[in-house]
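A.B. asks: Structure in structure tokens, see below.
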Amino acid sequence: ITSIHADLVQALDLAITRLDAEIATLIAETAELARDLRTLRTIKGFGKTNAPAILALMPELGTLDRKQAAALAGLAPHPRQSGACDAYRPTRGGRPNLKRALFMAALVAARHNPDIRPFYERLRQNGKKPIVATIAVMRKLIVIANAKIRDARPKLPNQQVS
């Protein structure tokens, strides 16, 4: 049985290697994608695996405002209020695979990004649960990524910055 598993692992590793090469080729052939990927990789938390995934899962990056970016990623709070009752504001919706990729980026950023780490630690010191602080980091990362990609794109002479 272990030899069957070893063969399966080897086949999966080969498939992953081929897919990574295909992704790299597609990005290299498209100047805009290559520029956006380079821009995204300047943010600590976005690595060689999740940066292309985030670009593929959210091609609108760079064309949205921060609220739209957070909502598309499923990271915008949805208030639940009725009269005097003010319940918690859960995040919901969005693109599940994008949320997974952003979650991994947020875990890395909360630990290694010098701009994000103090934000995460401040939330934790204020009594937020780790998952709540991580979701806040996810939102901050997608907003930063959207702004950086937007600012890196060339502007037309009469184009307004959104």
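A.B. asks: Is it the case that the stretch 76-93 has a residue that's under 11 Å from the mean Cα position of the chain (by Cα) and modelled with pLDDT under 90?
C.D. replies: no
A.B. asks: Can you name every residue in the stretch 25-42 that is buried (at least 18 other Cβ atoms within 10 Å of the Cβ) and closer than 21 Å to Ile135 by Cα?
C.D. replies: Listed by number, the list holds a single entry, Leu40.
A.B. asks: So, Thr17, is that one farther than 30 Å from Ala147 by Cα and hydroxyl-bearing (Ser, Thr, Tyr) or not?
C.D. replies: Yes.
A.B. asks: Which of the residues spanning the stretch 106-121 are buried (at least 22 other Cβ atoms within 10 Å of the Cβ) and not in a helix (DSSP H, G or I)?
C.D. replies: Asn113, Ile116, listed by residue number.
A.B. asks: Looking at the stretch 54-70 only, could you name the residues that are out of contact with any Phe, Trp or Tyr (no Cβ under 8 Å at 6 or more places or on another chain) and either of a type in the set (D, E, K, R) or surrounded by 19 or more Cβ atoms within 10 Å (Cβ to Cβ) (or both)?
C.D. replies: Within the stretch 54-70, Leu55, Leu57, Met58, Glu60, Leu61, Gly62, Leu64, Asp65, Arg66, Lys67, Ala69, Ala70 qualify.
The values are calculated or read from the model by the stated rules, or taken from the named source; none is laboratory data. On a predicted model such as this, the values are computed, not experimentally measured, just so you know. All Cβ positions, glycine included, derive from the backbone under ideal geometry; neighbour counts span all protein chains shown.
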